[in-house]
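Bear in mind that the values in this text are calculations on the coordinates, not laboratory data. It should be emphasised that the depicted structure is a prediction, and the values quoted were computed from it without experimental measurement. Note: ideal-geometry Cβ built from the backbone for every residue, glycine included; neighbour counts use all protein chains shown.
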Amino acid sequence: MEATPPPFFKRGPSPAFRLAVFALLAVATMVLDARFKYLEPARQIFSVVLYPLQQLVSAPVAIVEGVTDFFADRIEMQRDNERLRTEALASAYRLDQLEAVKRENAELRALLQARARVETASVMAEILYGARDPFSRTFVVDKGIEDDVRAGAAVIDEAGVIGQVTRVYPFLAEVTQITDKNQAVPVRNVRSGLRAIVFGNGREGTLDLRFMPLSADVQVGDALVTSGIDGIYPPGLPVAKIIHIERNATLAFARITCEPLSGVDRRGHVLILKRVHELPERPVPPSETPPARKKARRGAG
Amino acid sequence: MMPAGPQQILLPVTTGLIVVTVLGALVVNLVPLPLNVLELRPDFCALVLVYWGIHQPRRVGFSLAFVLGLAVDMADASLLGQHALAYVVLLFAAIALHRRVLNFSLIGQSLHILPLLLAGELLMIGVRLIAGDQLPAPGNLLGPVVGAALWIPLSALFRLPRLPKANPDRV
């Protein structure tokens, strides 16, 4: 195969060869990132470098928003004010009731000598931008390690659970929505008390309630709240509403579709719940090696 | 085939121009957008990379494409290396096509760019499917279409700093 003469000028390896080298390098990077998570420190460092640039770019947007807010329509403001006043009135009544129930609950818990339900500390964060990665349902908020946000913290808005912090950077955090394909939230049916798990399916505005038997006591319109069984989401946060149930006798499970209550379609604020209390360590099964057993006993005692 | 329009001898491309345009594309990629507009957003980095790959194939290297891809991956919090792979392939295609593409009018050129950008997008979708992620919304394939349409204003814009001075004798 000596058909082509040697090149007149020295040009280094051919483009095809370089393509092969760099493509292999890229594939290696992806494997390292996806399988072994070796590259998280690199991400952290880069995010710090990128942070001023991101602030710079979002500054004009923030200024424009500030100006529009300043000149917001008077009528709209009055309407908002009225609506908020009625809402405040309604919630004041509910709050009074809640206070009474809370007191009663505290007494009952004291009677039962149960663990007091710990109030979780929270931090308000602003949604900076939606995920530019179209393959996962994530967004980035403006609080990070500096504000004591940890990976795994639950994220809610005024309507219910939005998702979970999946990656923290020094000044930013990445939140994965519950509609992401890889997210699952343990829930409880408020009406029947039935426990289940809702899974995201990657589409906007729907969740799947999987592995529910055909005879399970679920109805369209049932509200689902977090069960807290996972130790990640505090119990009792609204998650979703059942909108469709398909009971097909040929399938092992009913096909149940839910609608998440929270939404992040617009720019807004979210609340990141910090886990203040650590759950007691999981007991180690007795088949483990003796040192592990000893450690577990110490943890329990 | 004749080149479209009268040919004009342009000033040589400086390394500074390439660096500034690539950094500019990275910054433009970072502009926060509402979620519904996000789907239509073209990948400016890919577009600028293809531009220089076609106009100055000897000046942009595969290492630049690779590093730029990694930067975009980190900024987007996507799988580290997916953009790097796509950009390296895009640059190779751009270099392979550079003799042909510039013979066409700007519209013809942008029709060459469209399949390139689409292929880059599809490559990334394939990689993410292998990695176990979900298919993105079909609207995301509109990004490359917008990108190809932007080729025309982009070409005009990148020509501006290279236009010869009106009278070279006057300083």
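Sequentially through the stretch B:41-54, phi angles give Karplus couplings (6.51, -1.76, 1.60; θ = phi - 60°) of 5, x, 7, 5, 4, 4, 5, 5, 4, 5, 4, 6, x, 7 Hz, Gly and Pro residues having no value and appearing as x. Compared with the dominant Cα axis of chain B, that is its longest principal axis, helix B:62-76 is turned about 50°. In straight-distance terms, cross-link reach from A:Lys10 covers every one of the aspartates and glutamates whose alpha-carbon lies under 19 Å from its own, apart from those fewer than eight places away in the same chain; here that gives A:Glu2.
Comparing A:Ala34, A:Ala23, A:Ala249 in a Gaussian network model of chain A (Cα springs below 10 Å), the most mobile by mean-square fluctuation is A:Ala23. Could you work out the percent of alpha carbon pairs in the stretch B:25-134 separated by over 16 Å, rounded to a whole number? When every Cα pair of the stretch B:25-134 is considered, 59 percent fall beyond 16 Å.
Other protein chain C-beta atoms within 10 Å of residue C-beta, averaged over A:194-203: 1. The mean of 1/r over all pairs of different alpha-carbon atoms in the stretch A:184-263, once inverted, gives a Kirkwood hydrodynamic radius of 12.5 Å. When the Gaussian network model of chain A links Cα atoms closer than 10 Å, the mean-square fluctuations of A:Pro60, A:Pro286, A:Pro170 top out at A:Pro286.
Relative to the longest principal axis of the Cα atoms of chain A, helix A:290-300 runs at roughly 50 degrees. Distance distribution P(r), the stretch A:95-201, all Cα-Cα pairs, bin width 5 angstrom from 0: 3, 10, 16, 16, 17, 13, 12, 9, 4, 1, 0 percent. Taken over the C-alpha atoms, the protein assembly as shown has Rg and Dmax values of 28.0, 97 angstrom.
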